[in-house]
1. Give the calculated FRET efficiency between S38 and M304 to the nearest 0.05, with a Förster radius of 25 Å applied to their Cβ-Cβ distance.
2. Could you work out what % of the accessible surface of the chain is carbon and sulfur, using a 1.4 angstrom probe and leaving DNA, RNA and ligands out of the count?
3. So if I average 1/r over every pair of distinct C-alpha atoms in the range 249-296 and take the inverse, what Kirkwood radius in Å does that give?
4. Antiparallel versus total DSSP beta bridges in the range 169-317: what percent is that, nearest 5?
5. What is the chain's relative contact order, in percent, from Cα pairs under 8 angstrom and six or more apart in sequence?
6. About the Cα centre, and with charges only on the beta carbon of Lys, Arg (+1) and Asp, Glu (-1), how big is the dipole of the range 68-140? Nearest 20 debye, please.
7. Treating cross-link reach as a plain straight distance, find the lysines whose alpha-carbon is under 21 Å from the alpha-carbon of K126, omitting any fewer than eight places away in the same chain.
8. For the range 3-69, state which trypsin sites (Lys or Arg not before Pro) are in a DSSP loop and have at most 12 other beta carbons lying within 10 Å of their beta carbon.
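The values are calculated or read from the model by the stated rules, or taken from the named source; none is laboratory data. For clarity, every value in this text was computed on a predicted model and none was experimentally measured. Positions of Cβ are backbone-derived with ideal geometry, glycine not excepted, and every protein chain shown enters the neighbour counts. For accessibility, only protein heavy atoms count, side chains too; no ligands or nucleic acids. Shrake-Rupley method; radii C 1.70, N 1.55, O 1.52, S 1.80 Å.
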Amino acid sequence: MMTIDVETLRTWLEEGRPVTVLDVRPAAEREEWAIPGSIHVDAYDALQARDPGVLAHVDLPEDRPIVTVCAAGRTSLIAAELLQARGIRASSLEGGMKAWSLAWNVAEVPLAGDAVRVLQVRRTGKGCLSYLLGAKDEAMVIDASLDPQVYLDLASQYGWQISRVLDTHIHADHLSRSRQLAERSGALLLLPDQQCVSFPFTTIRDCDTIETSTLQLAALHTPGHTMESTCYLLNNHLLFTGDTLFPTGIGRPDLEADEQQARARASALYHSLHKLLALPSDTLVLAGHTSEPVPFDGLPESDMTALEAGANRCAIS
Ligand SMILES: [Fe+2]
């Protein structure tokens, strides 16, 4: 077999199976993003020229399969062929990094003694972070960014029915799948108040609270990144911040904004971050994005010191 599909490689990495991912793209492309743990050989042009010796010097572990990767899955096929000719178990990732952009993995947020389980569902390549919150037989999803089937399958594994789907804001910089997920699951679609979308939704406003027997999710309007941006506080402990606050940064107020709008949003963000600072200092921040591709390590991207750091960053910038 000469190729491997994204789902198979994703499963291998999630299960921790030994595999070496060999990235053959030009160095500049790899700098933008890469599969975590992959190794790189800058052989793109030589592979295109079908130089038979191009990978001869590359030291590869012999005890595991090699998966070659390029941008779209064509040059990596040449690389896999050359390696196979040397007797190495090699295959090429179908569709390359373009296809890999939809790969995902899951990390559970550890919650001691809580009846709620929180899964961080990560679109690994682009660093989009979404959340599946489940308790008893019911679940909610925040900032769905993957194929709805991913959330439906996960929920069914845990015996949950998805009842509500929420977004923290209307995304300018990545695709939301919340609407499709709500349609597929029959869940209620909850969005912050705004006029950006033309499809039906239920508005969620500042201080609105969703309560079940096991969880309480409170909406905190935090304008800045966008004017409708809203954070969600779960059981007074976990804060889903969308693009308002990250473990190592704060949301950009200047996307799709002229200078005046950007200034107004920056000012709003300053006040929003100080509003969040009033929350308990051990509040765990769970953001909507991470700047690096998400590793297959099962560890949630989160931070307990982000509230103060975010407010400080805003004050000095
Ligand atoms: Fe955003």
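1. On the way: r = 30 Å, r/R0 = 1.21.
After rounding, the FRET efficiency stands at 0.25.
2. Details: 7210 of 14580 Å².
Its accessible area is 49 percent carbon and sulfur atoms.
3. On the way: mean 1/r = 0.0777 Å⁻¹.
It is 12.9 Å.
4. Numbers: 14 of 21 bridges.
Approximately 65 percent, going by the DSSP bridge assignments.
5. Numbers: 693 pairs, mean separation 41.8, N = 317.
Reported relative contact order: 13 percent.
6. Details: 9 positive and 6 negative charges, 72 e Å.
The dipole magnitude comes to about 340 debye.
7. K98
8. Values: sites: R10, R30, R50; in loops: R50.
Filter output for the range 3-69: R50.
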